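The values are calculated or read from the model by the stated rules, or taken from the named source; none is laboratory data. Computed from a prediction, not measured in an experiment: that's the story for all the values here. Reconstructed Cβ throughout: ideal geometry from the backbone, glycine too, with neighbour counts over all protein chains shown. These area figures cover heavy atoms from the full protein model, side chains too; ligands, DNA and RNA do not enter into them. Shrake-Rupley method; radii C 1.70, N 1.55, O 1.52, S 1.80 Å.
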Amino acid sequence: MPSRTTAQGLNNGISNINSVTGLQVARHHLQKFEECHQRGDIGQSFSHLSLALCILPQLKEEYYTTYLKVFEAWIAKVEEDNGFQEAMTIYEVALTHYPESPDLHHLLAKTLYRHGSVHEAWNHACLAHAECSRDPNAQETRSRLTNALVERWHLPMLNDSTRNAAFKSAIERAVEQGHQTILDIGSGTGLLRWLREIFMRNRFQHASKSPLKCFGLDKFLTPYRVSLVISETVDAGLFGEHILSTLDHAWKHLLLPPKSSIASNEPTIKTSTLPLQSLASHSLSTALQDTMSISQTSMNPKQSPVIEKDLERHIEGNKNVGIQLLNEQAHNAQREICPSLSGRVIPAKSEVYVALSSCDYISKQTKVLASDFSYFSNKIVCINLKEPYMSEKLNCVPGGFKLLSQWTHVTTVDFNSLDDITRHLSGNVDKTLSLQCTDDGSVDALILAFKLHLDEEQYISTFPENSTTFWENAVYPVTNLTSVVSHDIISVNFHCRGAIELSLIDRYPIAQENDHIYLSESAITFLNSKSFTDTFLRAAQHIIFHIKEQVRKDKSGGRHSVIVCDTAPFPVAGLAVKSELPDSQLYVEDEDIQKVLQKLGITVHLCEDLEDEVDILFIWPLTREGTLRDGLIKNIIMYRLMMAEDGFVFPQELDLIFNIISSPVLAAMTSVDDSNTCGINIADIFNIVKTNHHLDVPLSALPHTTVIPDPIPVLRLSLISGHTEALGPLCENTDGNNGSLLVLGGEVVNVLTTLVITQNSIINALPYWFHLRADLPTASSQPSTSAYTNSTPASSKCEKTIIMSSGDPDSPCNQSMFVLSKPMTVVQDDHVNLDVIWREGAFSATVQHHNQTNGD
């Protein structure tokens, strides 16, 4: 890869140029490049420099950094003005010059991701990360794409040894009972890239030849109906992954008739034709390891040579055309070979139960609990769910949960009965339930649990009180403020048309739609965080008082209309200022918030329409998941340029805080372990898409042990200027032997803190959170919140510094963490180095033994 020094001239690399004409042309383009670059003509600058490098490729190394900076500016403009395809053309030009540039692959990954090309983006992100593994921007981009490529719930699901063992046992028993042709339905397309290698590796590891080869991974081709379908397309709400419609299709087109149909001499299911495209959605499922485990016990091919030979011939002849599933002759031949064979599904059936629950963690995400926001008077403020339910691991939520009723049976579905499946698809099982309360409390949710019977012996239970599986529970929020006492009878509507819907029948007059205000989860959790909203309101009152004092002292007739910008999830502070200063104008970043406030009769504007100087900025730098908001540094700089000279910013600083913990349960959440998958080798392949950045963790509910005395403040970010200050020892060697950094991405701050371990342990994670810091001015002081003031005023003029921690139980944010790729064993009094690299809002962290880092 080219070196990353800034170009200074033409002397290097041209001594061997024989063509005077070529050299003259190159000099001409470089001169034009300098002229265009100085006057800000980015497009012409890029064109001239690209042409010069085509003529004199010897200059590529010297001009690498310059080229990247020009390219970054130009590609942003091209994408904005001309769109994705034109941007791809510019990338082709750049990669012709620097095909191995990690910076170009990193930028290309981000561009592709923005336009929905996740798989291709991930490939480029991996190339950038491989070259610049220590760069936090490269790490963050790869991590985001990895999360987008494969949803994180796949990892604990694959590590669910209870689930895997139950399916394996049921499948082996079915094979022993004569079910020899097997179809596993349900693999998401995000997994198909790796399934071929997983399948081939495990299929041939134990058997030289297997009848399962008729089930290809790219094109599922089989001319016969199968005797066993395995479909673990089951979510927390049981039917949410469309298992009913999947099995409806399977019984009609893919499965042999059920045993009951054969026993009653019912006519066999007629021939049907299914195009290849339709079957693509029924490819191998994430329960693949269970299916593959039967390759050792499947029927001997010698027992059915006709079937296997015909299958191979049919597959070969139908690779690129549709598939004819089952003709009458093939059906008869199959039945002659296996006369007692019938169709069957695993899982066999499921029993569904529902209960009332009280849970603070759920209520704080779904409905506004405080009643002291005047603008919500007589309104029901709740979450607007896109799906009928949320999913939570109830036995792991902070503060736990309480059942307010016993579990009540709702329905049982027999997956081996097409009639039963049809009833649950058509709504013929709808009913009203009566649940008797067994305790007093606030009804925050209806929760669903089920017993999934795989066969007569094996079942999996999702009841949260004693669950041994990683399955979560479906949570149906109750958004009205409903309290009950013991022995109350609560009516619940149960609807099922392919998916289960549950709703409380309110005992009081039904609220009209106009009485509801719908907010995002981030807005609701912020409003329910009393310590945070109180602090923002307190800051607003101080600023209001200060402005009124200035107006009173101003003898020139007062000041202009106050411009307030509030970027918090809900602008409580901005609304407080607006109510006290009627001539003020309030700006918000979220268009949905603007619409909600308009519905409440409050006029606000969008920050993107700002034209005047900003007098008051309430800035919110965090996400609900516990990370920094995208583009935070750029936003800080933008607002700094728009602030009035004596403007206020609240809060003014942000500290990044780290801890070091041991948590055994994290392993199953972040990577696959083959010891959990019943002997099927998955980890080596699937862990290609593991990520070391684990988001949205309620740390207080995560079983863990802290192995250092206190959390460590590492960095301080000014929310006024965007400047970053190290709170620990700086590491000068930011581009050392452990991996290089991208050229682009801003200033690097590398903090290396040596810490003492307090107990013998195995370290596997570095959780982090943030402290938001602010000084509130008194009326007689020039506030430190001034956009152009970095100094801290004397303590006599300010109140004590306020700190809001996103790690507190009342925080509107969860926490995130970096998980070590390999757990690290430590003993008491060991010294370890916490290594944190920050780059303009992106950061990464790892930990090493002290002697490893320093080479002692």
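Annotations
- Accessible surface of segment 439-506, 1.4 Å probe: 46 percent of it comes from carbon and sulfur atoms.
- If the convex hull is drawn through the Cα atoms of segment 94-171, its volume per residue in Å³: 119 Å³
- For segment 450-509: accessible area per residue (Å², 1.4 Å): 49 Å²
- Rounded to whole Å, the principal axis extents of the Cα atoms in segment 804-856 read 43, 30, 21, largest first.
- Highest to lowest packing among 587-594, 240-247, scored as the average C-beta count within 10 Å: 240-247, 587-594
- Volume per residue of the C-alpha convex hull in segment 370-487, rounded to whole Å³: 163 Å³
- The order of the peptides 534-541, 393-400, 821-828 by mean Cβ neighbours within 10 Å, most packed first, is 534-541, 393-400, 821-828.
- Note that segment 512-628, at 20 °C in a medium of 1.002 mPa s, gets a Stokes-Einstein diffusion coefficient of 141 µm²/s from its Kirkwood radius over C-alpha pairs.
- Within segment 572-637, the ratio Rg/Rh, alpha carbon atoms throughout and Rh by Kirkwood, equals 0.97.
- Cα-based radius of gyration of segment 429-554 once divided by 2.2 N^0.38 Å, which approximates compact folds: 1.65
- Counting only the Cα atoms, segment 676-724 fills a convex hull of 194 Å³ per residue.
- In this view, the solvent-accessible surface of residue 560, computed with a 1.4 Å probe and all protein chains in place, comes to about 100 Å².
- Probe 1.4 Å, all protein chains present, accessible-area order of 700, 561, 816, largest first: 700, 561, 816
- For residue 162, the accessible area of its heavy atoms, probed at 1.4 Å with every protein chain present, is near 50 square angstrom.
- For segment 530-585 versus segment 616-680, the inter-centroid distance based on Cα atoms is 27 Å.
- Listed pairs 393/530; 379/451; 60/110 exceeding 32 Å between Cα atoms: 379/451
- For segment 550-691, the share of accessible area belonging to carbon and sulfur comes to 47 percent (1.4 Å probe, ligands and nucleic acids excluded).
- Share of pairwise Cα separations in segment 407-470, more than 14 Å, in percent: 71 percent
- The listed peptides 681-692, 75-86, ordered by packing as a protection proxy, come out as 681-692, 75-86 (highest mean of other Cβ atoms within 10 Å first).
- Where the Cα pairs of segment 24-117 fall when distances are cut into 10 Å bins, in %: 16, 51, 28, 5, 0
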